Amino acid sequence: MVGPNPKANRMCKSKSAIATTASTSSSMAAAAATSTPRNHRSPRTTGSYPAAYSYSTSSSTTASSSAASLAALRDSLPELPLLLTFHDLAAATANFSSSHRLLPSSSSSSNSFRCTLRGHQAAVFRRPLRRDAGEVAARLAALGHCHHAAIARLLGAAASPDRTTLFLAYELVPGASPLSVLLRNPKNPSFTPLSTWHSRLQLAADVCDALHYVHLQADTVHNRLSASSVLVSGDGPLPRAKIAHFGAADLAGELPVEQKGSGDSGDSSSGSGGHRRSSSRGRRIEGTRGYMAPELVAGGPPTRRSDVFALGVVLLELVSGQEPVRYEMVNRGTGEYQRTSLIETAEAVAAEGGAEEGAMRRWVDRRLRDSFPVEAAEALTALALRCVAKDPLARPDMSWVAAKVSKLFLEAQEWAAKFRVPTDISISIAPR
């Protein structure tokens, strides 16, 4: 069984821990406020000490204000995820009926549902359980201490009665759409709400920050990253992103169990956040076509570096707007299809860009209307190609990737401010 990571617990304080500290601080403050100051007589025994009375009243008011602030802080903290029961989820989803499917048009074998849990709108996902059900509680407690603004919050988990299926409940992000839908809407392929370079770099920065947090502070592997698992929402000038399915691979037992004395840092081919798969269950490849690193396809375990590979594909999608793998029919008579890989196309463009000026500009998503810094597009493409290197050891870690993308985002902000179209100019064509 994999226990909580001390490093993760150090960095991610739980609500209960902070509440305990707050309660202690509040009690100390209240005690200090009600005690009589040294060398002062009690204000109730004489009326000749207005200063002392004023001091006591002020202290009580301050203590009450501090207690109220601490209570508000406790209420604002995210709740820890619960180890739910199968009956809880069955009742919330009306026994997983079709009316509760997350995608109403999905088939009868849908693996995602919507419901209300603990007063929160929730999305419930079904995964094969490949670890002992008793270990789920320990991992849930460890992962539950970790929260990030760019990660959809984990609300709880439950195992099926036969212990072969794991149900995971996450917050249902209001008004969110998958990045894949926003980039490639089949009903209107010529339109995207992500029509500015600045907005796409904002999403890239959010996803990189979230994955960096998963690797560094949660000390685990995501193994679910794709454009479909990036949820985009926001009513402001810039959309924001959250990655879904945090902890799904860990809780479902897709990651290797810890090897003592391996000295693995999670960056080698065997590095997967200090976990390795238990040998008690059969091995099965998990992942999404187009986002799986070569070592995963070959049967290797998920690692931080396979996460970085999937991130590189998402970054290439943000630059080009194209899907990771595309199949086009070239001969209807024989049914022959031609496969086009986004990675291979990006590599060809990067190689051609050194010899021919304009290759990158032609490859970048045309719906950006040629309004983007070419040098920044080249830099982000080069970074993404490093992430999708065939050799896992050639891929950078998320600390480096997140720093580089953050720098590109700041440059995109400056570029957008410099070339923003003025909106406070009025033109009159009336005669003078």
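The values are calculated or read from the model by the stated rules, or taken from the named source; none is laboratory data. Treat the numbers as computed from the prediction; the structure is a model and nothing was measured. Glycine also receives a Cβ, built like all others from the backbone with ideal geometry; neighbour counts cover every protein chain displayed. Side chains included, ligands, DNA and RNA excluded: accessible areas come from the protein's heavy atoms. Shrake-Rupley method; radii C 1.70, N 1.55, O 1.52, S 1.80 Å.
Just give me the residues in segment 158-195 being open to solvent by 30 Å² or more (accessible area, probe 1.4 Å), under 23 Å from HIS148 (Cα atoms) and part of a loop (DSSP other than H, G, I, E, B), in sequence order.
LEU172, PRO174, GLY175, ALA176
Condition first: open to solvent by less than 10 Å² (accessible area, probe 1.4 Å) and of a type in the set (S, T, N, Q). Can you find one or more residues in segment 201-216 that meet it?
no
Give the residue that is farthest from VAL364 (Cα to Cα), with candidates limited to residues of segment 196-206 that are out of contact with any Pro (no Cβ under 8 Å at 6 or more places or on another chain) and assigned to a helix (DSSP H, G or I).
This residue is ASP206.
Taking the options ALA376, ALA382, name whichever one is crowded, with 17+ Cβ neighbours inside 10 Å, aliphatic (A, V, I, L, M) and in a helix (DSSP H, G or I).
Going through ALA376, ALA382 in turn, just one is crowded, with 17+ Cβ neighbours inside 10 Å, aliphatic (A, V, I, L, M) and in a helix (DSSP H, G or I): ALA376.
Among what's in segment 385-421 and is β-branched (Val, Ile, Thr) and assigned to a loop (DSSP other than H, G, I, E, B), pick the residue that is farthest from the chain's Cα centre (by Cα).
In this case the residue turns out to be VAL421.
Among the residues of segment 328-338, are any touching a residue at least 24 places away in the same chain (Cβ under 8 Å) and closer than 22 Å to VAL181 by Cβ?
No, segment 328-338 contains no residue that is touching a residue at least 24 places away in the same chain (Cβ under 8 Å) and closer than 22 Å to VAL181 by Cβ.
Collect the residues in segment 386-407 that are open to solvent by 20 Å² or more (accessible area, probe 1.4 Å), under 26 Å from ARG240 (Cβ atoms) and not basic (Lys, Arg), keeping them in residue-number order.
Selection gives ASP397, SER399, TRP400, ALA403, SER406.
What residue, of ARG240, ARG289, ARG283, ARG276, is in contact with a helix residue (DSSP H, G or I) (Cβ under 8 Å, 6 or more places away or on another chain), open to solvent by 20 Å² or more (accessible area, probe 1.4 Å) and either at pLDDT 95 or above or not acidic (Asp, Glu) (or both)?
Exactly one of ARG240, ARG289, ARG283, ARG276 is in contact with a helix residue (DSSP H, G or I) (Cβ under 8 Å, 6 or more places away or on another chain), open to solvent by 20 Å² or more (accessible area, probe 1.4 Å) and either at pLDDT 95 or above or not acidic (Asp, Glu) (or both), namely ARG240.
Let me spell it out: the conditions are (1) in a loop (DSSP other than H, G, I, E, B); (2) at pLDDT 85 or above; (3) touching a Pro at 6+ places or on another chain (Cβ under 9 Å), and SER270 meets all of them except one. Which number is the exception?
Checking SER270 against (1) in a loop (DSSP other than H, G, I, E, B); (2) at pLDDT 85 or above; (3) touching a Pro at 6+ places or on another chain (Cβ under 9 Å), the one that fails is (2).
Test each condition in (1) closer than 19 Å to ALA244 by Cα; (2) at pLDDT below 60 for LEU140 and report the one that comes out false.
(2)
Could you identify the single residue in ARG153, ARG130, ARG139 that is touching an Asp or Glu at 6+ places or on another chain (Cβ under 8 Å) and open to solvent by 40 Å² or more (accessible area, probe 1.4 Å)?
ARG153
Can you pull out every residue in segment 85-116 that is at pLDDT 90 or above and in contact with a helix residue (DSSP H, G or I) (Cβ under 9 Å, 6 or more places away or on another chain)?
ALA92, THR93, ALA94, PHE96, HIS100, PHE113, ARG114, CYS115, THR116 - these are the residues of segment 85-116 that are at pLDDT 90 or above and in contact with a helix residue (DSSP H, G or I) (Cβ under 9 Å, 6 or more places away or on another chain).
Can you name every residue in segment 83-105 that is in a helix (DSSP H, G or I), open to solvent by 70 Å² or more (accessible area, probe 1.4 Å) and more than 28 Å from ALA138 (Cα to Cα)?
Passing the criteria: SER98, SER99.
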